[in-house]
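All remarks here apply to the structure that follows.
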Amino acid sequence: MATSSKSSSIRKAQVPVSCYFCKGQEIKWKCEDCDVRMCSSCKVSIHQGLKSAQDHDVVSIQDISKSSPGLQEIKSVVISSVFNSYTTTLPAVHTILCSDDDLLHFIYNGKTSDKYQLVKGKLLKSSIKIMQMLKRKISDIAINKDVKTVLDASPMTLLAIHVNKDNEVIVGIREQGPPFPVQDFSVRQVIIFGSNYQRKETLEFDKKGNKLFSYVHRIRTDSRNVVYVIDCLDNDNSGRIVALDRHCRLKFTYDGQKNLGTFRPEGITITPSDNIVVADLPNDALHVINSKGDLLGLQFIFKDLGINVPCSLCFDSEGYLLIGCGKEKDEDYGKIHVVKMVDSLV
């Protein structure tokens, strides 16, 4: 797989998210008219000296949410720098996982049947070293070094799979047939299997008997084994994040930001400090929320960094965030971007 023409040595090339003018200072202000962010020095020395900017509305980054009713804006940018970008040979990277030895596993689960569905490889300085490719329809993957059996979900349909820190296997299932609309008799479950592959918990209804999920798209857990689910709500894939503990107690739901329009979470990963990073595909954005469901950071990565169609997320062993993306216009293949998150959010 060749790298993008814009990429350079991994862990070296950096594209900082910083002042629009000087490129080297922490941003403190945003001009709502110019749509640029700047440091305090350049706000005074450059922006205020522009005749065209005399009447512009410049607000503190911390106060943006107050100037935009109904929209929680950026308290912190999400990505501090971009280190490399790779072009794959798949139309999109729908799921990406990184093992402890930095081996990548990523899949394409779209409708194009003539493409390899699963790729195992390793990121080098200028390319992806391909170690294995499997041409098979795959909906999701999980890494478990101690797998001793195969889970059979029949007659149900397996939607998502995840392995937590305690080596428990967590799956999302539904009944066969059209996924929507969700009926009273529809089965929409998250099942937790112990390390011995015996069923331990079934998450399906809240304490009032309401269904917790409509369509389980992705599953992740944090250090306390709180379960986070990307739940698709309709055929347009609008969705939400559902967080719940092992006793079916709903902790929160996160529905995106209303002023952004459709929230379509595609990828999800958890930081070492148990913050949740969500890839919002139609808005080309990353949302970072804490374990209470509060928004900590929101960044429009296409506008700021040229990263488009975010589908999947994971961290490597060095703490870098990997973003798997779909193909852009006039391109044939999806990309993987290696970025550094802002330390306070990790």
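The values are calculated or read from the model by the stated rules, or taken from the named source; none is laboratory data. Not measured: the values here are computed from a predicted model. Ideal geometry is used to build each Cβ from the backbone, glycine not excepted, and the neighbour counts take in all protein chains shown. We work out accessible area using only protein heavy atoms, side chains counted, and drop any ligands, DNA or RNA first. Shrake-Rupley method; radii C 1.70, N 1.55, O 1.52, S 1.80 Å.
Only beta bridges with both residues in the chain are counted; by DSSP, about 100 percent of them are antiparallel. For Ser195, project a label point 7 Å along Cα to C-beta. Then give me every residue of region 125-146 with its amide nitrogen under 13 Å of that point. Under 13 Å, as judged by backbone N against the label point of Ser195, lie 145-146 of region 125-146. Estimated purely from DSSP H runs of n ≥ 4, each contributing -39500 (n - 2.57), the mean residue ellipticity at 222 nm for the chain is -1000 deg cm²/dmol once divided by its residues.
Which order do His287, His247 take by accessible area at a 1.4 Å probe, largest first?
Values: His287 0, His247 105 Å².
Accessible-area ranking of His287, His247, largest first: His247, His287.
For region 315-346 versus region 228-275, the spacing of their alpha-carbon centroids is 19 Å.
If the chain between Leu260 and Phe185 were fully stretched, how many nm would it gain, using 0.36 nm times the residue separation less the Cα-Cα distance?
Working: separation 75, 0.36 × 75 = 27.00 nm, distance 3.34 nm.
Net length gain for the segment: 23.7 nm.
Under a model in which nothing but the beta-carbon of Lys, Arg (+1) and Asp, Glu (-1) is charged, the chain shows a dipole of about 560 debye around its Cα centre. Applying 0.36 nm per residue to the separation of Phe302 and Phe205 and subtracting their alpha-carbon distance, the gain on full extension is 31.2 nm.
Length gain on complete extension for the stretch Asp294 to Asp166, per 0.36 nm per residue less the alpha carbon to alpha carbon distance?
On the way: separation 128, 0.36 × 128 = 46.08 nm, distance 2.66 nm.
Between Asp294 and Asp166, full extension yields an extra 43.4 nm.
Pop out the carbon and sulfur fraction of the accessible area of the chain as a percent, whole number, probe 1.4 Å. Solvent-exposed carbon and sulfur of the chain make up 48 percent of the total. In this structure, the amide hydrogen of Phe252, modeled 1.01 Å from its nitrogen in the peptide plane, lies closer than 5 angstrom to those of Ala243, counting only residues at least 5 positions away or on a different chain.
A 1.4 Å probe, protein heavy atoms only, puts the accessible area of Ser273 near 70 Å².
Using a probe of 1.4 angstrom and keeping all protein chains present, the accessible surface of the chain works out to 48 square angstrom per residue.
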